[in-house]
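Colleague: Sharing a structure below in structure tokens format, with a few things to ask.
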Amino acid sequence: MNPALPLPPPGSDAERLIGARTGGWRLASLVAVGAMGWVYEARRDPPAGTDEPLRIAKVLRPGLNHAALRRRFGREWRIQRLARGPGVPQIIARAMVGWNAAHADIKPASADPLDIAADGPPPHLPCFVMSHAPGSEMISIGRRGAPLSPRAVRRVIRRIAAVVERVHAVGIAHGDIKPQNVIISPSLTANTIDDVHLIDFGVARVIEPPRRAERLSGEIEPADQVCTPQYASPQRLDGGGATFSCDQYALCAVAYELLTGAPPHPRGGRAFEQYRRSIREQRPTPLMEVCHIPKSGEEESCLLRLNAAILRGLSQDASDRHASIAALIEALGTGD
């Protein structure tokens, strides 16, 4: 897992939590800093053995520890738990991290610590422990030397799309698909991908809850409208919430960047409103014009098919996109 933001200097508040313990877990090291939470390696305490798998703990940042964001943090772990299965890190435990200016420790979870709604910041931070998704952010795989070929990109995108399709099948729209939220196994080569994980369900939305989630869906507040503009559909930029169609747009924007080195609509230094208007006025440049990967006959044919599938997924109107992620997967083709 790579940090979304630079790690803080030694002695920071985030580092002061290292070594904190609960009845079953210890925060071993700080591995990432996000806009909403600090992410640590989590180890069993006492250790379960030399072959103990690495776990990850996400802790809400103290400066954000108020009622609205605690509820949002609680919604994140609930939705990620609902999305459990291949390609999504498994929620293992939740706890409360004791916090004040001079001391930090971890307390076991109460009945529902993530629903605390008292006024003012409480002395504990919500935390959840999940399985580790080993690997690198997806976009980094195109920076390891020669660019990936169109056929290799198709294999990557089909694997990611399969995870997204499974998440949609349990009624969840992720809402923030982007290269930083897709983790690829370090054993990626030109021919194989051992593992793909979709992470960070912080703005995900339950759209069509399956039977097992009927009670849960009533407890989950609607997600806010946070998104990453370069991968967001026009509907998201206009203030809409996460939808299956918006996830499809974002996935196709990621595919476009993996092939070309840039998203379909680079933001540059433009203000948000200017950027939002420009999306409505410009269509992405066809891949055949901007993809400079050397092409054989098979690669040329693959790129033509990717161009049609990806540009349809990037349609401004949701009704013009593929009917589903399954339809996108079919349009991408196989042949590998």
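Colleague: Given R₀ = 30 Å, FRET efficiency for Glu298-Asp51 by Cβ-Cβ distance, to 0.05? Please report the intermediate quantities before stating the final value.
Modeller: On the way: r = 42 Å, r/R0 = 1.42.
Computed FRET efficiency for Glu298 and Asp51: 0.10.
Colleague: Please list, in chain and number order, the residues 5+ apart from Ile92 or on another chain whose amide H is under 5 Å from its amide H, with Hs placed from the backbone.
Modeller: Close amide H contacts, sequence-distant or interchain: Val129, Met130, Ser131.
Colleague: Given R₀ = 35 Å, FRET efficiency for Arg84-Asp13 by Cβ-Cβ distance, to 0.05?
Modeller: Numbers: r = 31 Å, r/R0 = 0.89.
After rounding, the FRET efficiency stands at 0.65.
Colleague: Cα centroids of region 277-291 and region 28-51: how far apart, whole angstrom?
Modeller: 41
Here, each number is a calculation from the coordinates, and none is a lab measurement. It should be emphasised that the depicted structure is a prediction, and the values quoted were computed from it without experimental measurement. Cβ sites come from the backbone with ideal geometry, for glycine too, and all protein chains shown count toward neighbours.
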